Structures are given as structure tokens and as C-alpha cells.
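**Q** The structure under discussion is supplied below as C-alpha cells; questions concerning it will follow.
The values are calculated or read from the model by the stated rules, or taken from the named source; none is laboratory data. Just so you know, these numbers come straight off a predicted model, no measurement behind them. Every residue, glycine among them, receives a Cβ derived from its backbone with ideal geometry; neighbour counts consider all protein chains shown. Surface areas here come from the heavy atoms of the whole protein model, side chains and all, with no ligands, DNA or RNA. Shrake-Rupley method; radii C 1.70, N 1.55, O 1.52, S 1.80 Å.
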Amino acid sequence: MHLTQVLQPQLCISLLQVARFLGIPKSRICRIEHWTHVLFVHRADQGGQFISYRKFAAWVEACARTIQSCNDLRLLEWIGWVIKAEVQRFQYGEDVLDYWRQLWRQRHRQLTQQEATQGVLAQ
């Protein structure tokens with residue numbers, strides 16, 4: 001499974017964000033289609049154009065929200081594996097990687113403590 005499939009429900013990229021990224025007025029964009037791995041932008045001035053989700057800050061934040069909202073330790077470990085595969089395949093800035101690592105470690109610690117507390121209470 002790819003990170004795009006994990007993040008798709010949380011990923012919201014607006015027409016304005018796409019227009020700014022492309023450096024064109026919103027009026028030149030006819031519509032945007034959210035495909036599995038890319039956005040397909042229908043432009044009035046030149047036809048269609050593909051844009052990777054990874055080009056947008058919303059991508060980084062959707063990944064962060066996915067880590068922070070995870071409520072199961074095994075699922076968090078799986079998300080970590082998916083992110084690791086992602087960063088081996090695509091280039092990310094060290095600042096993004098550090099941000100995701102920090103969030104993952106923090107959430108891992110929280111969930112580990114929760115499990116330990118629940119284990120003690122179950123005895």
C-alpha cells in the first residue's frame with residue numbers, strides 16, 4: 001500500500017492552492033480530479049496537467065494528522081513502515097523527515113504508555 005492511499009481521505013487541496021502552485025489565476029482551471037496518486041488539473045489555457053500530491057504542504061500535514069490521530073500501536077507501526085517506504089521512493093527535505101519522525105516517536109511513546117497502563121489495570 002502506498003502513502004497516497006492512506007492519506008487520501010485526509011488530503012484536501014483546494015482550487016486556490018493549485019492555482020497558486022501553478023502560478024495561474026483560478027479562472028484558468030476548469031476542474032480538478034483527485035486521482036489515486038496525482039491531481040489531474042483541467043486547464044482552460046492548455047488542456048490537462050498532472051501534479052503530484054507531494055508538491056503541496058497539505059501532503060505533509062495530512063501525514064502528520066495520520067500519525068497524530070492513530071489510536072493503535074500496531075497500526076502506528078504499520079504507518080511508520082508505509083512512510084519509510086515512501087521516503088525511500090521519493091525525496092523529502094530533512095525538515096519534513098525530522099517533523100514526521102518526531103511526531104511518530106511521540107505518538108509511539110503515548111500509545112506504548114497507554115498499553116502498559118491498560119495491561120496493569122487488566123490484572
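**Q** Under 10 Å, Cα contacts only: if you run a Gaussian network model on the chain, which one of ALA58, ALA44, ALA85 comes out with the highest mean-square fluctuation?
**A** Ranking ALA58, ALA44, ALA85 by mean-square fluctuation puts ALA44 first.
**Q** Hey, got the dipole for the chain? About the Cα centre, +1 on K and R Cβ, -1 on D and E Cβ, debye to the nearest 20? Provide the component values of the computation, followed by the final result.
**A** Values: 15 positive and 10 negative charges, 62 e Å.
So the magnitude is around 300 debye.
**Q** For ASP45, what charge total do you get from the other residues with a beta carbon under 13 Å from its beta carbon, if Lys and Arg give +1 and Asp and Glu give -1?
**A** So the surrounding residues net to +3.
**Q** Where does the charge balance sit around ILE13 when Lys and Arg score +1, Asp and Glu -1, over other residues with C-beta under 15 Å from its C-beta? It would help to have the intermediate numbers written out before the result.
**A** Details: positive: ARG20, LYS26, ARG31, ARG54, LYS55, ARG65; negative: GLU33, GLU61.
Cβ neighbours under 15 Å give a net charge of +4.
**Q** Taking 0.36 nm per intervening residue step and subtracting the Cα-Cα distance, what contour gain separates PHE90 from LYS26 on full extension?
**A** On the way: separation 64, 0.36 × 64 = 23.04 nm, distance 2.87 nm.
Length gained, PHE90 through LYS26: 20.2 nm.
**Q** Say we join alpha carbon atoms closer than 10 Å with springs in a Gaussian network model of the chain; which of LEU103, LEU16, LEU39 then has the biggest fluctuation?
**A** LEU16
**Q** To continue, here is another question. Take the solvent-accessible surface of the protein heavy atoms, probe 1.4 Å, and return the percent of it on the chain that carbon and sulfur atoms account for. Numbers along the way, then the final one.
**A** Working: 4010 of 7750 Å².
Ligands and nucleic acids excluded, carbon and sulfur reach 52 percent.
**Q** Normalising by the residue count of the chain, find the relative contact order in percent from Cα pairs under 8 Å and 6+ residues apart.
**A** About 21 percent, as a whole number.
**Q** Also, I was wondering about something else. If you add up the charges near ARG74, with Lys and Arg at +1 and Asp and Glu at -1, over every other residue whose beta carbon is less than 14 angstrom from its beta carbon, what do you get?
**A** -2
**Q** Might you tell me the accessible area per residue for segment 1-60, computed with a 1.4 Å probe and given in Å²? Intermediate results must be reported in sequence, preceding the final value.
**A** Details: 3380 Å² over 60 residues.
Counting only protein heavy atoms, the per-residue value for segment 1-60 is 56 Å².
**Q** Further, regarding this structure: Once you've got the GNM for the chain with C-alpha springs shorter than 10 Å, pick whichever of ARG101, ARG109, ARG54 has the biggest mean-square fluctuation.
**A** ARG109
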